[in-house]
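Data block below; observations after.
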Amino acid sequence: MLLPTLLTAAAIGFSAGVTPGPLQAFFLSAAIKGGWKRALPAAFAPLVTDGLVIPLVLLVLTSLPPAFLQALQIGSALFILYLAWGAFKAFRHYQSIEAASDEGGIKTLLKSAVLNILAPGPWLFWGLFNGPNLLEAWAVSPWWGAGYLVSFYGVFILTNIVLIALFSAARRMGEKVQRVLLLVSAVVLAGFAAYQFLQGVNII
């Protein structure tokens, strides 16, 4: 039956959306600095990046050396650290946040897309888990495969949008709360950067 396949995809999409990671920390930073309208494009970053990730995972990635994943992890660590520094500067110079909110939604989308493509999470997620599920649905029928993708991304993107809206609501809680949340996002991003780097150099 198709319904269990669609429900499975929806559950996985929801889980992917609410699982804490660098992308969710970036949502927090972008929403606090620019509000939900400017942060909203970041919710669609997986649609931009997975068009590259999925074919490579299903067709090529299994034959690539482990050094490929390590290089991704180190590159991801450096970019996440750059985003953490941006959030920390916004925390230190809070009065400039409104000026910084002039950053366009396209730029926010590009930053989140780069973050997502460099992070090893999507590659491992599709290579070890969601990719096999998609292939199983596709083996039944291409329509099943398409339904799986629509169900997964529909819930995943909607979850991202809800998170951004919730984070953006904190802008109405006063300057102290906003500054604390900016600092939290900077610390969380820096923590993810350190973790990715240590994994990339095989320390953990």
Taking the Cα-to-Cβ direction at residue 85 and at residue 52 and moving 7 Å from each Cα, how far apart do the two end points lie in nm?
2.2 nm
Pairwise FRET efficiency - residue 169 versus residue 124, Cβ, R0 = 30 Å, nearest 0.05:
0.40
Classified through the alpha carbon gyration tensor (a ≥ b ≥ c as square roots of its eigenvalues; rounded if a/c is under 1.5, else prolate when a/b is larger than b/c, else oblate), the range 148-201 comes out oblate
Please give the helix 142-169 orientation as an angle from the longest Cα principal axis of the chain, in degrees from 0 to 90, rounded to the nearest 10.
10 degrees
Can you figure out the FRET efficiency of residue 3 with residue 187, using R₀ = 41 Å and their beta-carbon distance, to the nearest 0.05?
0.45
Which of 108, 8, 19, 49 has the fewest other C-beta atoms within 10 Å, and how do the rest follow up to the most?
19, 8, 49, 108
Degrees separating the helix 22-39 axis from the principal Cα axis of the chain, which is the longest one
60 degrees
Using 7 Å Cα-to-Cβ label points, what is the residue 59/residue 150 separation (nm, one decimal)?
2.4 nm
Return the lysines within reach of residue 107: Cα separation strictly under 22 angstrom, same-chain partners fewer than 8 residues apart disregarded; answer none if there are no such residues.
33, 37, 89
For the range 130-177 versus the range 1-26, the gap between their alpha-carbon centres in whole angstrom:
6 Å
How long is the chain along each principal axis, judged by its Cα atoms, biggest number first, in Å?
56, 38, 25
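Values quoted throughout were computed directly from the atomic coordinates according to the rules given, and no laboratory measurement underlies them. Here the structure is a predicted model, which is why all the values come from computation and not from measurement. Positions of Cβ are generated from backbone atoms using ideal geometry, with glycine treated the same way; all protein chains shown enter the neighbour counts.
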